[in-house]
Amino acid sequence: MIRELIAGQKTLSVRDDDSVAPAYQTMLWAEVRHLPVTQGGRVIGVVSERDILRHRAQAGGRGGEVWVR
């Protein structure tokens, strides 16, 4: 079962009030393409590398403070 596979392992995640830049940096560092998004310790969604890249393209490549939520 998946529960047994991941039990006791540390997982990376971002909070819903984190900005996108650190989330993307975490993805690059960990070599992953998806991160769970948490709020109050509960998973409320998933952000993907594609989500971030699409958002940057739509914003014209501008940086700035953009929240994961």
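The values are calculated or read from the model by the stated rules, or taken from the named source; none is laboratory data. Remember, it's a predicted structure, so these values are computed and weren't measured experimentally. No Cβ is skipped: glycine too gets one built from the backbone with ideal geometry, and neighbour counts run over all protein chains shown. These accessible areas exclude ligands, DNA and RNA; they are computed on the full protein's heavy atoms, side chains included. Shrake-Rupley method; radii C 1.70, N 1.55, O 1.52, S 1.80 Å.
Could you tell me which of the residues 33, 42 is in contact with a helix residue (DSSP H, G or I) (Cβ under 7 Å, 6 or more places away or on another chain), modelled with pLDDT of 90 or more and open to solvent by 60 Å² or more (accessible area, probe 1.4 Å)?
On the way: 42 fails: in contact with a helix residue (DSSP H, G or I) (Cβ under 7 Å, 6 or more places away or on another chain).
None of the others qualify; the one that does is 33.
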**Item:** Output for segment 45-63, where each listed residue is open to solvent by 40 Å² or more (accessible area, probe 1.4 Å) and either in contact with a strand residue (DSSP E or B) (Cβ under 9 Å, 6 or more places away or on another chain) or at pLDDT 75 or above (or both)
**Value:** 46, 49, 50, 51, 53, 54, 55, 56, 57, 58
